[in-house]
Amino acid sequence: PTQICVTQCPDRYQTYLGASASPPQLQYYRQFCVPDFKPSQKAPIEVLRDKECPAVLIPSTPLARRCFPAIRAKEGVITVGNETTYDDGRGQRRNVTELLEGAKKANVVLEMRQLAMKIFEDYTVSWYWIIIGLVIAMVTSLIFIVLLRFLAGIMVWVMIVLVILVLGYGIFHCYMEYAKLKGEAGSDVSLKDLGFQTDLRVYLHLRQTWLAFMIILSIVEVVIILLLIFLRKRILIAIALIKEASRAVGHVMTSLLFPLCTFFLLCLCIAYWASTAVFLSTSNEAIYKVFNETACQFAGQSCDPETFTASNVTKLCPDAQCLFAFYGGETAYHKYLIALQFFNLFMFFWLANFVIALGQVTLAGAFASYYWAFKKPDDMPAFPLFSAFGRALRYHTGSLAFGSLILAVVQVIRVTLEYLDHRLKAADNKFAKFLLGCLKCCFWCLEKFIKFLNRNAYIMIAVYGTNFCASARNAFFLLMRNIIRVAVLDKVTDFLFFLGKLLIVGSVGILAFFFFTHRIKLVQDTAPPLNYYWVPILTVIVGSYLIAHGFFSVYGMCVDTLFLCFCEDLERNDGSPERPYYMSPELSEILLKGNLEPSK
């Protein structure tokens, strides 16, 4: 339909057929017609056919730069402009309730638009506080990593205790809010009865919300305590590995800044993919087709609205119209536009995985040079990180591209399955849904396995310089021969690093919660007024997790590299003077005793 901009919305019922018979009414009606409309040149039927004027005007009110019917309920009766019926411009009377359906759909859009505007307003007044929160998270992560370098054992146990205390405080706070709402009007309404609300603050006035938070935090607290009880002996071994990783990171301090390089390259990949996707999406053209009510030989053919009135089509088919059909094109380029978008997505996955692989093999090469240095750190290269980065670009680009390609193919298949699942939601074929669910689960597991295998393959590439297939095979069989150590050491250290991330995110998140909810008296007047205080809090929490993950990912790669080198060291050497171990004495003291002592 034709859309025009007007100075004001209609304030009366009026039809074009009725207005055309009265010059004063027609003068009012003209402001709702297309620009340069001249009523004296055409009959009213031709004006309506060419859609130069609306067939009927309805009393409307302006809302979000749109004119919506002024619907009101008076004593249970729906009216528009104090009328219950209106003329549709074709001589028929219709009930105003038929306008409600369109108004309801528009109301949902307007509510979402209003929500988005309020969120945007919150960001505009709190963006600098969000940046300060992220800087605090970065400084906290850096201090934690530095302290881990010198006080690994103490920091791990302090971290465990603080995580338990933070979760305990969260449970206590949820209980206090739950108890405070007891007896208040409306607090016992269930989440199911309330339904979805755009103002999310409403949920914080329900007891059930705080009860759900308290149950979730309690489950997490109990699970962590049980894991700590059953893994208390293994944690001592993991601490020894973390201490060794701290020494390695201490000799390669530039590795802590290397995630910034990976982040920058990933931003370039995202920018390239987004710009290409936008270019492809906006390269369509507006296609106009010939539409008519009677038989016409030109029906369905493309047309140009600017020259259509002067063409032979209007002479041979008087009732034909040149109307907008769709955005697209009829060239070979436009026909394969979907395929180009699909290829652009595939290239994004490939490039992103390549950048991540480059970062992993660089860190692995730097930390492997530490482990295989017999006299640490005298036998290490002067710049281990830059040396590893240069080797990766010069010798291992093909291996990294091949490993990234395999992972990208699996990820594209997963995206395709998600797309098919979205398209089949309206279908009632339960077998197809079940099959898609199984395929999605299988490819999710396959992606996780390939990521795990690629990570260890890149470590073997950094150590030996072999190709991807040989490195993946050697890493897989090496891990299978030491499967007990993998389960005991590698996963326990991952669990401890997860607790470290949880501690940093929880601490910064609690600080952000007290600040943005004006609960810190010293800076109570400094916090900005917000529509939804959860907007900056969630942003700070997510950003803090990404920052903490960036720092701890260096430690994680260091632990994985040292662990794989340790397993290789056990198989190549036996600790004799002729074939001494390359591991440090502190590491061998913990890892080569008890059940972990290798058979000779």
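Laboratory data are not the source of any read-out in this text; all were calculated from the coordinates shown. Because the structure is predicted, anything quoted here is derived from the model rather than measured. Cβ coordinates were reconstructed from backbone atoms using ideal geometry, including for glycine residues, and neighbour counts include every protein chain displayed.
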Given a Förster distance of 56 Å, report the FRET efficiency between Thr517 and Glu578 from their Cβ-Cβ distance, rounded to the nearest 0.05.
0.25
Magnitude of the Cβ-charge dipole of region 424-504, K/R +1 and D/E -1, about the Cα centre, nearest 20 debye?
140
Taking 0.36 nm per residue of separation between Cys267 and Ile484 and subtracting their Cα-Cα distance, the length gained on full extension comes to 74.3 nm
I'd like the orientation of helix 491-516 relative to the chain: the angle between its Cα long axis and the longest Cα principal axis, in ° from 0 to 90, rounded to 10.
50
Explain nothing, just the number: dipole magnitude of region 275-345 about its Cα centre with +1 on each Lys and Arg Cβ and -1 on each Asp and Glu Cβ, in debye rounded to the nearest 20.
160
Pulled fully out, how much extra length does the chain show between Val139 and Glu285, if you take 0.36 nm times their separation in residues and subtract their Cα-Cα distance?
47.5 nm
For helix 207-230, report the angle its Cα long axis makes with the longest principal axis of the Cα atoms of the chain; keep it between 0 and 90° and round to the nearest 10°.
20
Once the other residues with Cβ under 14 Å from the Cβ of Ala432 are scored (Lys, Arg +1; Asp, Glu -1), what is the net sum?
+3
Can you give the helix-only mean residue ellipticity at 222 nm for the chain, where every DSSP H stretch with n ≥ 4 adds -39500 (n - 2.57) and the sum goes over all residues, rounded to the nearest 500 deg cm²/dmol?
-21500 deg cm²/dmol
Here the FRET efficiency for Leu323 versus Lys430, based on Cβ atoms and R0 = 45 Å and rounded to 0.05, is 0.65
Once the Cα gyration tensor of region 287-327 is diagonalised, what are the square roots of 5 times its eigenvalues, in whole Å and ordered largest first, as equivalent ellipsoid semi-axes?
15, 12, 7
Figure the gain on full extension for Ile219 and Leu405 (residue separation times 0.36 nm, minus the Cα-Cα span) and round it to one decimal in nm.
63.0 nm
For the pairs Lys38/Lys315; Lys192/Lys440; Lys375/Lys451, flag any whose C-alpha to C-alpha distance is greater than 25 Å.
Lys192/Lys440; Lys375/Lys451
For region 13-21, what does the Karplus curve 6.51 cos²θ - 1.76 cosθ + 1.60, with θ = phi - 60°, yield as ³J(HN,Hα) per residue in whole Hz, taken in order and with x for Gly and Pro?
7, 6, 10, 5, 4, x, 6, 5, 8
Using 17 Å as the cut-off for backbone N distance, which residues of region 271-297 belong to the label zone defined by a point 7 Å from the Cα of Phe346 along Cα→Cβ?
273, 277
By its C-alpha gyration tensor, with a ≥ b ≥ c as the square roots of the eigenvalues, how is region 444-493 shaped: rounded for a/c under 1.5, else prolate for a/b larger than b/c, else oblate?
oblate
Cross-link partners of Lys335 among lysines (Cα-Cα below 28 Å; sequence separation of 8 or more within a chain)
Lys289, Lys425
What nm value, rounded to one decimal, do you get for the distance between Val189 and Lys440 when each label is placed 7 Å out toward the C-beta?
3.2
Between (1) 0.97; (2) 1.10; (3) 1.06, which entry matches Rg/Rh (Cα atoms, Kirkwood Rh) as derived from the coordinates of this structure?
(2)
Calculated FRET value between Arg72 and Ala299, using beta carbons and R₀ = 41 Å, to 0.05
0.40
Cα-based helix-to-principal-axis angle, 397-423 vs the chain, degrees rounded to 10
40
Report the label-to-label distance for Met176 and Val415 in nanometres (one decimal), using points 7 Å from each Cα along the Cα→Cβ vector.
4.7
Cα-centred dipole magnitude for the chain, charges only on beta-carbon of K, R (+1) and D, E (-1), debye, nearest 20
800
Taking the mean number of other Cβ atoms within 10 Å as a proxy for protection, how do you rank 536-548, 262-274, 552-564 from highest to lowest?
552-564, 536-548, 262-274
Farthest toward the dipole's positive end in the chain, which of Leu587, Leu562, Ser404, given Cβ charges of +1 (Lys, Arg) and -1 (Asp, Glu) about the Cα centre?
Leu587
Could you give the nm distance between label points at Leu162 and Leu204, where each point is 7 Å from its Cα heading toward the beta carbon?
2.5
Pairs of Cα atoms under 8 Å, at least six residues apart: use those to get the relative contact order of the chain, whole percent.
16
How many angstrom lie between the C-alpha centres of region 15-73 and region 519-563?
56
